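Before any comments, here is the structure.
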Amino acid sequence: QESVVVFLASVKSYAMAPAKSMDPKDLLNGAVLQCVEAATLGMPFEVWKTRMGRFTNETTGQAFVNVYKRAGITGFWQGVGPKMVESASKGAVLLFAKEGLINVMTPMNMGPTLTGVIAGAGAGVAQTSVMGPCTFIVTAVVTGSGDVNVMNKIKTTWAEKGIKGFYPGATAIAARQASNWASRQGFTEFVRHRMKLALHGDENARLSVAQEAAAGTVGGTLATWNQPFEVARIQMQAAANEGKPKMSMVSTISTIAKEQGPGGLFKGIVPRVLLGVWQTLFMVTGAKLLKQYMA
């Protein structure tokens with residue numbers, strides 16, 4: 001049911017926007033940008049972060065070393081097949097929805113920060129329809145036994161639970177993605193606006209590439225405040241992979257806080273910050289620079 005609600009919400013967000021606000025080029029641009037992001041440093045940060053979210057007794061350094069011990073350097077790219085499928089689809093959905101919403105709201109004069117927050121949140125929720133299955137498979141590969149096979153996992157999950165089996169933790173994913181991109185887009189736009197005024201004295205000034213990157217780095221770092229959603233998502237998907245009883249996001253967060261203290265909700269924050277910055281540089285800053293270049 002969660003997956004159906006998320007999917008319908010994403011469809012509704014597209015349907016409400018005027019056709020002229022949507023540019024098909026954003027589908028291709030988003031897919032390419034997200035795949036390059038993941039294929040470079042995005043995937044290693046994701047694997048490192050996922051291990052820390054699952055094995056909360058490990059320190060940042062121990063988790064990094066254990067990923068390497070488990071499968072060598074290639075261990076940081078485990079589940080790269082489904083990850084590329086996920087990256088292409090979620091990148092296309094993100095940029096298409098985000099840019100479309102920005103185009104709709106810009107004439108409303110809501111300001112760049114609020115526009116970025118709303119557009120980022122809407123696009124983040126839309127992503128969940130394609131991210132649920134892929135993050136579930138990646139989590140199963142990274143946190144399961146060393147002999148977990150991607151295709152076998154897909155077949156057994158489908159046979160046992162059908163399409164719903166690929167969406168454990170869908171609520172946590174939707175909450176994470178909405179808050180992720182609302183924060184990344186919103187914080188980055190806020191910093192960009194302040195930099196324009198501070199450095200150029202003009203809110204309509206164009207920032208240099210280095211200045212845009214600096215704004216994206218700050219925005220991506222600040223956006224990791226929602227790490228508890230990510231830890232809950234990992235725990236929920238790992239539990240589903242192990243066949244444990246289903247728990248809600250609130251119950252999962254409550255259990256983690258009770259057993260590990262508040263700090264347990266922020267396990268993996270170092271690789272998460274690195275991943276957040278890397279993704280923001282591609283999907284917020286990079287998307288903006290690419291749009292300026294293609295204009």
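Evaluation of Gly243 against the conditions (1) at pLDDT below 85; (2) open to solvent by less than 50 Å² (accessible area, probe 1.4 Å) shows that the sole unmet condition is (2).
In segment 149-239, which helices (runs of 4 or more DSSP H) lie fully inside it and hold 3 or more residues that are without any contact (Cβ under 8 Å) to a residue 24 or more places away in the chain, open to solvent by 50 Å² or more (accessible area, probe 1.4 Å) and closer than 27 Å to Arg54 by Cβ?
150-161
Scanning segment 22-61 for residues that are at pLDDT below 90 and of a type in the set (Asp, Glu) turns up Asp23, Glu46. Hey, Pro245 hits all of (1) touching a residue at least 60 places away in the same chain (Cβ under 8 Å); (2) not in a helix (DSSP H, G or I) but one; which does it fall short on? Only one criterion is unmet by Pro245, namely (1). Whether any residue in segment 135-143 is among the aliphatic types (A, V, I, L, M), crowded, with 24+ Cβ neighbours inside 10 Å and modelled with pLDDT of 85 or more is what I want to check. No: segment 135-143 contains no residue that is among the aliphatic types (A, V, I, L, M), crowded, with 24+ Cβ neighbours inside 10 Å and modelled with pLDDT of 85 or more.
The values are calculated or read from the model by the stated rules, or taken from the named source; none is laboratory data. Not measured: the values here are computed from a predicted model. Methodologically, a virtual Cβ is constructed for each residue, glycine included, from the backbone with ideal geometry; neighbour enumeration extends over all protein chains shown. Surface areas here come from the heavy atoms of the whole protein model, side chains and all, with no ligands, DNA or RNA. Shrake-Rupley method; radii C 1.70, N 1.55, O 1.52, S 1.80 Å.
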